[in-house]
Number of protein chains: 2
Amino acid sequence: MERVSNREKILTEGLKVVHAQGFANASVRDIVAAAGVPQGSFTNHFESKEAFGLEILDLYFANNRAVMEETLLNDALDPLKRLRQWIDRNAARNECSGFRNGCLIGNFTAEAAAHSEAMRKRLIAIIAEIHAAIATCLKAAVKAGELPKGFDCSGTAEFIFTGLQGATLMAKAEGNAAPIDRFKKTLFAKVLR
Amino acid sequence: MERVSNREKILTEGLKVVHAQGFANASVRDIVAAAGVPQGSFTNHFESKEAFGLEILDLYFANNRAVMEETLLNDALDPLKRLRQWIDRNAARNECSGFRNGCLIGNFTAEAAAHSEAMRKRLIAIIAEIHAAIATCLKAAVKAGELPKGFDCSGTAEFIFTGLQGATLMAKAEGNAAPIDRFKKTLFAKVLR
DNA sequence: AGAAAAAATATGTACGACCGTATTGAAAGC
DNA sequence: GCTTTCAATACGGTCGTACATATTTTTTCT
């Protein structure tokens, strides 16, 4: 029987609660209730709610990074196919909530970046890492002849992540995948050529 | 001496507070303090905080609509120039806060859409109206020969708003206009042709 | 290897602050 | 003189966090 510490339960279940309800709207009591642990455990393991927020952001991004390595950075596939798969995987992650949860990175940016400098710094670092992964993929596409020589890989990488964030946000409002599909279609038809 | 009712003060000052701090993080006491009115006035004029939220969203969008009419829907200018001005005006609105405030429409989508169906419905209506305005502008561009015949105006309109939302969100994280500039550049160079 | 010491984790409860909202009555404008 | 607005205070609930105690795990020493 595998032993799961309370700390881990708070992180994994708390991530779900915060992702669904938003950081400010998810109380510590909501989080420990979802984790099925007593309230004192939260104080024991986290210095503050904000410190907990930073940890679940890292946890979320760890999953994100794993997806990036299976798709964007996966040399076994054609570069642009990797990019498409990455977008699809990101969309698929949101499908289970009817796209209502959005992306935690975007949610935290909207909600917490204004009043927690630590969180904003962390978000900037995460965004930069994603930009870099997309740019690496685009460079591979240039090398493979899927994109023209001289293509602005790093600039377009930023454009792509920005667009995907916006599409994920709009999907949250509308409750369906249409904005993401729309983004994908225009991206591949117009920008990546 | 112009008389400004407490209700109006709560709306205009409260909008600023909520825009800067987020809806959940802005308390009713913060709002009435910024408005310089007693706390009872809030209860007098608004059925609930959520009802107040819907009103400031409408107020924000009223400003937004005015900008759209001066830019996107202004027949005196070339269509694509209108679009560019509209994006610039949107960016300029955020500049004063170092881009940290973001767009209230996006902020509310990220924060409130999940737990207030009324707010989500209102956001959908607002987004549809903006889509329509952009599409009208693009259709004018086609008519003027700035875009090819058969250009997908309504689809691209959605793509543009989605992208601008994402760019505004990323600008909030980074605290500067770079994501918006990046978006604009790629949009006009690749998508609008 | 086993006991003692130390550290980390678990748990229940409590605190003070702040939340959104209610209530009551005075002031004011048509 | 009736209706709307203004104003002050209060209420019950929830918030993030603190704290005292119990239990488990890890480390250290003989």
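The values are calculated or read from the model by the stated rules, or taken from the named source; none is laboratory data. None of the values given here were measured: they were computed from a predicted structure. Here the Cβ positions follow ideal geometry from the backbone for every residue, glycine too, while neighbour counts run over all protein chains shown. Accessible surface areas use protein heavy atoms only, side chains included; no ligands, DNA or RNA. Shrake-Rupley method; radii C 1.70, N 1.55, O 1.52, S 1.80 Å.
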Among (1) more than 15 Å from DNA strand D (Cβ to nearest atom); (2) in contact (Cβ under 8 Å) with a residue 60 or more places away in the chain, which single condition is A:Leu54 missing?
(1)
What's the number of the condition B:Asn107 fails, among (1) facing another protein chain (nearest Cβ under 7 Å); (2) open to solvent by less than 10 Å² (accessible area, probe 1.4 Å)?
(2)
Might you let me know whether segment B:95-108 holds any residue that is in contact (Cβ under 8 Å) with a residue 12 or more places away in the chain, out of contact with any strand residue (DSSP E or B) (no Cβ under 7 Å at 6 or more places or on another chain), outside any helix (DSSP H, G or I) and not assigned by TED's automatic domain parsing to the domain that holds B:Val142?
no
Of the residues in segment A:153-192, those that are outside any helix (DSSP H, G or I) and more than 8 Å from every other protein chain (Cβ to nearest Cβ) come to A:Asn176, A:Ala177, A:Leu192
For the structure I just gave you, tell me whether B:Ala114 is in a helix (DSSP H, G or I), modelled with pLDDT under 95 and either open to solvent by 60 Å² or more (accessible area, probe 1.4 Å) or under 30 Å from A:Gln21 (Cβ atoms) (or both).
no
In segment B:13-44, anything open to solvent by 60 Å² or more (accessible area, probe 1.4 Å) and closer than 20 Å to B:Asn63 by Cβ is listed as B:Lys16, B:Gln21
Flag if A:Phe52 is assigned by TED's automatic domain parsing to the domain that holds A:Gly102 and crowded, with 17+ Cβ neighbours inside 10 Å:
yes
Out of segment B:60-78, which residues are open to solvent by 10 Å² or more (accessible area, probe 1.4 Å) and more than 13 Å from the chain's Cα centre (by Cα)?
B:Glu69, B:Glu70, B:Leu73, B:Asn74, B:Asp75, B:Ala76, B:Leu77, B:Asp78
Taking A:Ala144 as the residue in question, decide whether it is over 28 Å from B:Ser97 (Cβ atoms), more than 10 Å from chain B (Cβ to nearest Cβ) and open to solvent by less than 40 Å² (accessible area, probe 1.4 Å).
no
Out of (1) farther than 30 Å from A:Ala125 by Cα; (2) open to solvent by 30 Å² or more (accessible area, probe 1.4 Å), what's the single condition that is false for B:Arg182?
(1)
Kindly establish whether A:Phe42 is in the same structural domain as A:Arg122 (by TED's automatic domain parsing) and either within 14 Å of DNA strand C (Cβ to nearest atom) or out of contact with any strand residue (DSSP E or B) (no Cβ under 6 Å at 6 or more places or on another chain) (or both).
no
Residue identified as within 14 Å of another protein chain (Cβ to nearest Cβ) and modelled with pLDDT under 95 among B:Asn25, B:Asn44
B:Asn25
I'm told A:Lys139 meets every condition in (1) surrounded by 23 or more Cβ atoms within 10 Å (Cβ to Cβ); (2) in a helix (DSSP H, G or I) except one. Can you identify the failing condition by its number?
(1)
